[in-house]
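Asker: Please find one structure pasted underneath; my questions will follow.
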Amino acid sequence: IKEDRPEAPPGATTPAFTREEVEQLVKKRELYSKGECFYLAIATIYAPRRIELARIKKRDIKENSIYVDTAKKGEKRTHLIPDEIMPYIEAYRPQENNVSSLSAMFIRICKKGLGKSRKGYGWHSFRTCLDTLLPGALAKADKPLTLVGYFLRWSRKSTGARYLGTQMAGVYDRPEILSSDPFFLDREVFEVHPFLKLWGDKDKQAL
């Protein structure tokens, strides 16, 4: 329903999926190939841009982590791979793709999971959705909203401008230094991530 669609953040040009649409896509994962499950898992958990998805190679995945080669001057980051999506990450060997092949894959996933392709939608629709839902989830758990920017690999200046009032505030605000855990920020977000637990539903795993 149009009224239920989350409001896109300022400047976003790709429509956002609703929470319910993403949930349906994840729950229908037994219909997808191993490659489709791999990219859908990454898109729903880390919400990279299409070009960032296309850059992922097998060597970017090491044990329990995945490296995201961020575009648009965002912070490149190595993320923790949570247990919920690990089976889908391990089941596929990614190679660097071109963006058009990933766009074709996106259409296939939508047709299988939602029953139709979505005109105007793309991999960025997951990013816009997560950017919309995460602030509320973090606020409800009394966690800093700046975690949105850090988790989605914005530049620190963008994070500061949006959540702290000034660009430089984002440069100096570094909550990760409070912990010796290199994946401290990821673990904080995973506790409230709107889609992570869906991947851990044992009844839906069909590898």
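Asker: Of LYS28/LYS58; LYS27/LYS76; LYS27/LYS197; LYS58/LYS112, which pairs sit farther than 22 Å apart, going by alpha carbon to alpha carbon?
Answerer: Numbers: LYS28/LYS58 25 Å; LYS27/LYS76 30 Å; LYS27/LYS197 11 Å; LYS58/LYS112 26 Å.
Check vs 22 Å cut-off fails for LYS28/LYS58; LYS27/LYS76; LYS58/LYS112.
Asker: Right, here's the next one. Extension gain ARG187-GLU96, at 0.36 nm per residue separation less the Cα-Cα distance, in nm? Intermediate values should be presented prior to the final figure.
Answerer: Numbers: separation 91, 0.36 × 91 = 32.76 nm, distance 2.75 nm.
Extending this stretch completely gives an extra 30.0 nm.
Asker: Could you look at segment 36-128 and say what percent of its accessible area is carbon and sulfur, using a 1.4 Å probe and all protein chains?
Answerer: Details: 1970 of 4260 Å².
The value for segment 36-128 is 46 percent carbon and sulfur by accessible area.
Asker: Spin-label point model (7 Å from Cα, Cβ direction): what's the LYS111 to LYS34 distance in nm?
Answerer: Those two pseudo-labels are separated by 2.3 nm.
Asker: Another one. Sorted by packing (mean other beta-carbon atoms within 10 Å per residue), highest first, where do 58-69, 185-196 land? Mind showing how you got there, number by number?
Answerer: Numbers: 58-69: 14.5, 185-196: 19.1.
So the order, starting with the most tightly packed, is 185-196, 58-69.
The values are calculated or read from the model by the stated rules, or taken from the named source; none is laboratory data. Being a predicted model, the structure only gives us computed values, none of them experimental. Cβ coordinates were reconstructed from backbone atoms using ideal geometry, including for glycine residues, and neighbour counts include every protein chain displayed. These area figures cover heavy atoms from the full protein model, side chains too; ligands, DNA and RNA do not enter into them. Shrake-Rupley method; radii C 1.70, N 1.55, O 1.52, S 1.80 Å.
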